[in-house]
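These notes are about the structure you will find just below.
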Amino acid sequence: MLKLDQIRLEQGEFQLFADTVFDEGGITALMGASGSGKSTLLAAIAGFLPPAAGRITVDGKDITDLPPGERPLSLLFQDQNLFPHLTVAQNVGLGLRPDLRLTSDQKIARDSVLERVGLTGMGNRLPRDLSGGQQSRAALARALLRGRPWLLLDEPFSALGPALRSEMLTLLRDTAKSEGLSVLMVTHAPEDARMIADRTALISDGVLEPPVATGALFDDPTPALRAYLG
Amino acid sequence: MGARLGLIAAIIVAGALLLPLSAVAWRAEGWGGLDPSDWGALWFTLWQAALSAGISVLLAVPIARALARRRFIGRSMVIVLLGAPFILPVIVAVLGLIAVFGRSGIVNTALGWIGVETVSIYGWQGVILAHVFFNMPLATRLILQGWLSIPGERLRLAASLDFTATDTFRRLEWPMLRAVVPGIFLVIFLISTTSFAVALALGGGPRATTVELAIYQAFRFDFDLSRAALLGAVQLVIGGTAALVSLRLTLPSGFGAGLDRAIPRWDSRGLGLRAQDIAVIALACMFLLVPMILVLGEGVLNLTGLSAGVWAAALRSLIVALVAAASTLTLAFFMSKAIVDLPRGGWIEVVGSLSIAASPLVLGTGLYILLLPWINPVSLALPVTTFVNTIFALPFALRALIPAMRDLRDDYGRLSESLGIAGLTWVRLVAIPRLRRPGGFAAGLTAALAAGDLGVIALFASPDQATLPLVLYQLMGAYRMDDAKAAALLLVLLSLGLFWLFERGGRRA
């Protein structure tokens, strides 16, 4: 359970208030107009932006002051998820040990996760030799390998074309289910949320609304959602 | 962690600069101590720098203009050639200029044939000639940058309005020149006031002694430390004033990228203009190449005849260059990390660039004053040379590393943090691979400048500690020109070779 306890974020004039609980399991979409602070909220949960007030807890443990790398979560950015000078295997291996001194067991684990995302035999390539979809798969593989209970995604796969994107979203949904990951995903695309999100939480007027079941929300949109969908 | 080390590095650099400079100011006793010859040195320093900068810029304008509007095979080679003097050891270039313009050089030989009185390269004219040799290429590259920054759309518009070359100059090129030339003039003025090796080799006497040379003479010949310090204070005022004036102007980063294109022009297709541009470019290349060819070509013949002393000096220069490159790179790495990471890190860049306003000889004098109570400074000639070169290459290294460090933070900072990559692991896996290119450039530049430096070493060195540039200067002083040319070849191989190796090493992978 990821709890935002009376969180207030401030960036210059901008303010965002969040006091919500995200349940374990399944995928929660985080939506809102551009500039509403979706990515800012995700950055705060990931540890890049200290909240002006409030605490963040995971399963009762306070993580508000933990550095980003020590939080029980992995993060997928919009782009720049891979170091261009490291091979795919190295990029993925970073998920096990940031200094890359892997034992043989860890190497086996790394190769098996590469296999699970469909990158068998591509470990020795550099990211530039991979397609956009394959790069996303490598980043996902690393997140899986880290084995953190939460996975945060900031507008994932938005650089991909429609077909690839829905393919990656399906892969995300399937792996999240089979690995028992709890996913929090920032998106601006309602169709992404409808496709894979169990729940959707909306940010409007500087406040995060509690997550509700995606289907029900879109069948009977709240005024805020109606305003966003236009 | 890295940012804190950068803070410490900045404090060390500030101390290393300010302590010796304060020592100079403290030892300098009263402006009344300046005698007429010192005032003469100050006057000569200023007017030769003004003339050097003026001539360099005047010559650079037509060359840059020709390069901006012409495309030809070998154009990129010309651009590289224009960058070369920046890392060419000064004393080698002086030797080359003597081979062309000296008493038995090709120019005077030709003048002799047609019965004209020979001209001497020694004196103010030689000092200015050498400064133009070094700074005209720099000015050309900087002005060319200005030319290439004129948007192509404007030139197309000019063509559609049927502008002649004169119209284009008046409406587009002149405003650009008015914006960039004053800054370039000031930079070259500043460089010319602090250049020591040129004045040492070609100047001297009552009419061609710069303040830097006067410091050296007070130090070396009269051993009058307080007079050296007083002159050092004078030099500091010159450098500080020029640096303050140029603070708002962007300083050149040495090797501008993106000069390898020419903007299509419609107004300069006439035969006359074409011939004019060809002549200008050819003359500029000859001016730069002939001295080098004369030195290096003849140097090959005597390379095997060099004495063991010269080779030992070359080894010392190599060590000085490598240590200076390593320490500059280390300082620049941590300082640029701090500049990028800390909220008010800008002052660290100012500290790292302070040396632009000082001069190596002044810093050397200060170090001598500081060291004297504790140890015989002469025994530290090589460490002091390494140290001074480190400090003076730092602004260039910072200028290369800071933008790359900023990109590194913007592109991969959060990714590194989210994966818990920090400390030495970050250095090994992220920083070194991503900063290779600017790091290699900075290390190469420092190594080349340090290997070719003839500055404080002349102040400090005893014969058993001479570096290769100093040995070369001594060979010239003894009129052993064949040996000097061979040593010059060795020095060029050393400094350009080091630059090439580091720069290549940075580009690999």
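The values are calculated or read from the model by the stated rules, or taken from the named source; none is laboratory data. On a predicted model such as this, the values are computed, not experimentally measured, just so you know. Here Cβ is always computed from backbone atoms with ideal geometry, including for glycine, and neighbour counts include all displayed protein chains.
Considering (1) over 17 Å from the mean Cα position of the chain (by Cα); (2) surrounded by fewer than 16 Cβ atoms within 10 Å (Cβ to Cβ); (3) part of a helix (DSSP H, G or I); (4) in contact (Cβ under 8 Å) with a residue 12 or more places away in the chain, the lone condition that A:Asp105 does not fulfil carries the number (4).
Take B:Ala243 and decide whether it is aliphatic (A, V, I, L, M), modelled with pLDDT of 90 or more, touching a helix residue (DSSP H, G or I) at 6+ places or on another chain (Cβ under 8 Å) and assigned to a helix (DSSP H, G or I). Even if it seems obvious, please write down each step before you answer.
Numbers: aliphatic (A, V, I, L, M): yes; modelled with pLDDT of 90 or more: no; touching a helix residue (DSSP H, G or I) at 6+ places or on another chain (Cβ under 8 Å): yes; assigned to a helix (DSSP H, G or I): yes.
The answer is no for B:Ala243.
Does any residue in region B:270-293 that is in contact (Cβ under 8 Å) with a residue 40 or more places away in the chain come within less than 7 Å, Cβ to Cβ, of a residue that is not in a helix (DSSP H, G or I) six or more places away or on a different chain, and which pairs are these? Pairs found: B:Asp277/B:Arg70.
Checking B:Leu472, B:Leu490, B:Leu435 one by one, the residue that is within 14 Å of chain A (Cβ to nearest Cβ) and not small (Gly, Ala, Ser) is B:Leu435 and no other. Scanning region B:500-509 for residues that are out of contact with any Phe, Trp or Tyr (no Cβ under 9 Å at 6 or more places or on another chain) and either more than 14 Å from chain A (Cβ to nearest Cβ) or surrounded by 15 or more Cβ atoms within 10 Å (Cβ to Cβ) (or both) turns up B:Trp500, B:Leu501, B:Arg504, B:Gly505.
The selection criterion, being buried (at least 22 other Cβ atoms within 10 Å of the Cβ) and closer than 17 Å to B:Phe219 by Cα, does not hold for B:Ser336. Taking the criterion of being more than 19 Å from B:Leu322 (Cα to Cα) and crowded, with 22+ Cβ neighbours inside 10 Å, the only residue of region B:400-411 that qualifies is B:Met405.
Is it the case that some residue within region B:338-352 is within 25 Å of B:Ala199 (Cα to Cα) and in a helix (DSSP H, G or I)?
no
Do we have any residue at all in region A:125-135 that's surrounded by fewer than 18 Cβ atoms within 10 Å (Cβ to Cβ) and within 13 Å of chain B (Cβ to nearest Cβ)? Yes, region A:125-135 contains at least one residue that is surrounded by fewer than 18 Cβ atoms within 10 Å (Cβ to Cβ) and within 13 Å of chain B (Cβ to nearest Cβ).
Matching residues to (1) crowded, with 21+ Cβ neighbours inside 10 Å; (2) in the same structural domain as A:Asp23 (by TED's automatic domain parsing); (3) at pLDDT 90 or above; (4) more than 14 Å from the chain's Cα centre (by Cα):
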{"site": "A:Ala139", "(1), (2), (3), (4)": "yes, no, yes, no"}
{"site": "A:Leu153", "(1), (2), (3), (4)": "yes, yes, yes, no"}
{"site": "A:Phe157", "(1), (2), (3), (4)": "yes, yes, no, no"}
{"site": "A:Gly161", "(1), (2), (3), (4)": "no, yes, no, yes"}
{"site": "A:Leu181", "(1), (2), (3), (4)": "yes, yes, yes, no"}
{"site": "A:Thr222", "(1), (2), (3), (4)": "no, yes, no, yes"}
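Residues in region A:63-102 that are under 22 Å from A:Ala159 (Cα atoms), surrounded by fewer than 21 Cβ atoms within 10 Å (Cβ to Cβ) and of a type in the set (Val, Ile, Thr): A:Thr87 alone.
Kindly provide the set of residues from region A:183-199 that are touching a residue at least 60 places away in the same chain (Cβ under 8 Å) and over 14 Å from the mean Cα position of the chain (by Cα), ordered by number. First the steps, then the outcome.
Kept after step one, since they are touching a residue at least 60 places away in the same chain (Cβ under 8 Å), are these residues of region A:183-199: A:183-188, A:190, A:192-193, A:196-199.
Across region A:183-199, the qualifying residues are A:Pro190, A:Asp198, A:Arg199.
Checking each residue in region B:5-50 for being among the β-branched types (Val, Ile, Thr), within 30 Å of B:Thr330 (Cβ to Cβ) and within 26 Å of the chain's Cα centre (by Cα) picks out B:Ile11, B:Ile12, B:Val13, B:Val24. When restricted to residues that are over 27 Å from B:Ala451 (Cα atoms) and exposed (fewer than 15 other Cβ atoms within 10 Å of the Cβ), region B:277-319 contains 4.
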